[in-house]
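Just below is one structure, and these are the notes that go with it.
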C-alpha cells in the first residue's frame with residue numbers, strides 16, 4: 001500500500017500561517033491531495049495541544065485519527081522548534097523537528113520546556129535557548145523513542161548547515177548525540193542529490209516535507225512509503241528512518257530546489273542574484289549596494305561537498321509542480337488561488353483522482369477526457385518529463401518555475417473547437 005507522508009506543517013497558532021490550519025480542514029485537504037498521513041505540527045502550543053487532545057484519538061501505535069471519523073487522514077506528532085543560542089563565540093539559529101510517539105510524551109516535553117523557561121504560548125514554533133546537544137539529551141531522558149531531525153538543513157538563517165548561523169558538520173551541532181541523528185530534511189531549496197554530495201550524510205536518511213503554512217501548500221514536498229496496513233505505526237516509520245530501508249521508503253516528492261527562496265546567492269534589496277562562482281568573483285558583495293550577499297543553499301553545498309555534482313545515491317526522488325500552479329500556468333493567470341483555477345482543481349480532484357495520483361500516475365488520456373483545457377494535459381506531460389523554465393530564488397525571494405515559455409500561445413478550451 002502506497003502511503004504519502006508529510007511530517008512538517010504548522011497550525012493556525014504559528015506566525016504567518018493561515019487561520020484555516022485546523023485539524024478537520026487539514027484532514028480534508030489531505031484527502032484531496034492524496035496525503036494519507038500528516039503531522040499535527042505545533043504540539044508545544046498549549047491551545048493547539050488541547051485541540052489535538054480533544055479532536056484526535058490514537059488508532060495505532062503513535063498514529064491518530066479524528067474522533068468523529070469524518071476523514072480517513074491519519075496524524076502523527078512532530079514539532080518544529082527554533083533554537084537560538086551561543087556556541088563557539090557565534091550565535092546559532094537552528095530549526096529542528098521533534099518526532100514524538102504519543103501525546104503523553106508530548107505533554108512531558110512541554111512540561112520540561114516550560115520548566116526551562118520557554119514561552120510555549122508565544123508561537124506554534126517556539127524559540128528555545130537550549131543548544132541542540134543538550135535538547136536532544138533532555139528529550140531522550142523523557143522518552144528514548146523520540147527522534148530529532150534537522151529541519152530544512154541548508155537554509156542560510158535557521159538550519160544546521162546554514163551559511164549565516166549554522167555549523168560545518170552534524171558533530172559540531174549535536175556533539176555526543178550525533179549518532180542519534182538518523183535523518184535530515186532537505187528543505188525547499190535543496191534536494192537529495194545535493195545532500196548526497198556530502199559523504200558525512202551517507203548513513204543519514206534524506207526526507208522531504210512541505211513546511212506548509214497554509215492548506216494549499218500541504219505536500220508540496222513529501223515522503224512515499226510502501227507499507228501494509230498492519231505495519232503503519234510510529235515505530236515502523238522511525239525504524240525506516242534509522243535504517244534507510246529502500247524497500248519500504250520508495251521515494252521523496254520534491255519541489256524544484258531552484259524555486260526555493262534561498263537557492264542562489266543574492267541581494268533582495270537590489271534584485272540581484274548570481275551563481276556561487278560569480279559571487280566568489282565579487283568577493284560575496286552585491287555589485288550595486290556593496291553589502292554582503294546572502295549566500296544560498298547552492299553555495300553552501302559547494303562549500304561543504306566532497307563529491308561531484310549529482311552524485312547518485314540513496315532513496316530516489318521525483319519532482320512535481322503543485323496542481324494549482326500547473327492550472328494557473330495553463331490558464332495564463334498569475335494566482336493559483338483564482339476562481340478559475342480552484343474550480344478546475346476541485347473538478348479534477350473530484351472526477352479524476354487525488355492531486356498526487358493525478359500528477360504522478362494518471363494516464364494523460366484519462367485526464368484529457370475530463371478537462372476542457374488541452375494545455376492542462378500538456379502541462380502535466382511536461383512536468384513529468386521535467387521540461388521546465390527555471391529562474392532560481394535567492395535571499396528570501398522564491399524562484400520561478402515555468403512550464404510554458406513566455407511566447408507560447410494557450411490552446412482554447414475544447415468546447416470552442418467543436
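So in the range 287-300, with the set limited to residues that are in contact (Cβ under 8 Å) with a residue 24 or more places away in the chain and over 12 Å from residue 162 (Cβ atoms), which one is surrounded by the fewest Cβ atoms within 10 Å (Cβ to Cβ)?
291
Quick test for you: out of 380, 390, pick the one residue that is surrounded by 13 or more Cβ atoms within 10 Å (Cβ to Cβ) and under 30 Å from residue 163 (Cβ atoms).
Only one candidate passes the filter, namely 390.
For the range 11-32, how many residues meet the condition of being touching a residue at least 40 places away in the same chain (Cβ under 8 Å) and closer than 22 Å to residue 354 by Cβ?
13
Exactly one condition in (1) out of contact with any strand residue (DSSP E or B) (no Cβ under 7 Å at 6 or more places or on another chain); (2) at pLDDT 95 or above is false for residue 164; which is it?
With (1) out of contact with any strand residue (DSSP E or B) (no Cβ under 7 Å at 6 or more places or on another chain); (2) at pLDDT 95 or above applied to residue 164, the lone miss is (2).
Run down 386, 361 and say which single residue is out of contact with any helix residue (DSSP H, G or I) (no Cβ under 6 Å at 6 or more places or on another chain) and on the phi > 0 side of the Ramachandran plot.
386
Looking at the range 172-190, is at least one residue in contact with a strand residue (DSSP E or B) (Cβ under 7 Å, 6 or more places away or on another chain) and modelled with pLDDT under 95?
no
Restricting to strands (runs of 3 or more DSSP E) lying wholly in the range 1-117: which have 1 or more residues that are under 30 Å from residue 346 (Cα atoms) and assigned by TED's automatic domain parsing to the domain that holds residue 173?
Fully inside the range 1-117 and qualifying: 2-6, 37-39, 56-60, 63-66, 74-87.
Considering the range 149-171 alone, what residues qualify as being closer than 23 Å to residue 238 by Cα and either without any contact (Cβ under 8 Å) to a residue 12 or more places away in the chain or surrounded by fewer than 22 Cβ atoms within 10 Å (Cβ to Cβ) (or both)?
Passing the criteria: 169, 171.
Scan the range 332-345 residue by residue and report those that are at negative phi and at pLDDT below 95.
Passing the criteria: 333, 334, 335, 336, 337.
Could you go through the range 279-298 and let me know if any residue there is over 23 Å from residue 392 (Cβ atoms), outside the structural domain of residue 396 (by TED's automatic domain parsing) and in contact with a helix residue (DSSP H, G or I) (Cβ under 9 Å, 6 or more places away or on another chain).
No, the range 279-298 contains no residue that is over 23 Å from residue 392 (Cβ atoms), outside the structural domain of residue 396 (by TED's automatic domain parsing) and in contact with a helix residue (DSSP H, G or I) (Cβ under 9 Å, 6 or more places away or on another chain).
Consider the range 319-347. How many of its residues are touching a helix residue (DSSP H, G or I) at 6+ places or on another chain (Cβ under 6 Å), assigned to a helix (DSSP H, G or I) and closer than 18 Å to residue 218 by Cβ?
Qualifying residue count for the region: 7.
Out of all the residues in the range 348-377, which are in a helix (DSSP H, G or I) and within 27 Å of the chain's Cα centre (by Cα)?
Within the range 348-377, 348, 349, 350, 355, 356, 357, 358, 359, 360, 376, 377 meet the criteria.
Examine the range 141-153 for a residue that is in contact with a helix residue (DSSP H, G or I) (Cβ under 9 Å, 6 or more places away or on another chain) and assigned to a helix (DSSP H, G or I), and state whether such a residue exists.
Among the residues of the range 141-153, at least one is in contact with a helix residue (DSSP H, G or I) (Cβ under 9 Å, 6 or more places away or on another chain) and assigned to a helix (DSSP H, G or I), which makes the answer yes.
Looking only at the range 248-279, which residues are more than 25 Å from the chain's Cα centre (by Cα) and either surrounded by 15 or more Cβ atoms within 10 Å (Cβ to Cβ) or modelled with pLDDT of 95 or more (or both)?
Within the range 248-279, 269, 270, 271, 272, 278, 279 meet the criteria.
The values are calculated or read from the model by the stated rules, or taken from the named source; none is laboratory data. Since the structure is predicted, the reported quantities are computational estimates derived from the model, not experimental observations. No Cβ is skipped: glycine too gets one built from the backbone with ideal geometry, and neighbour counts run over all protein chains shown.
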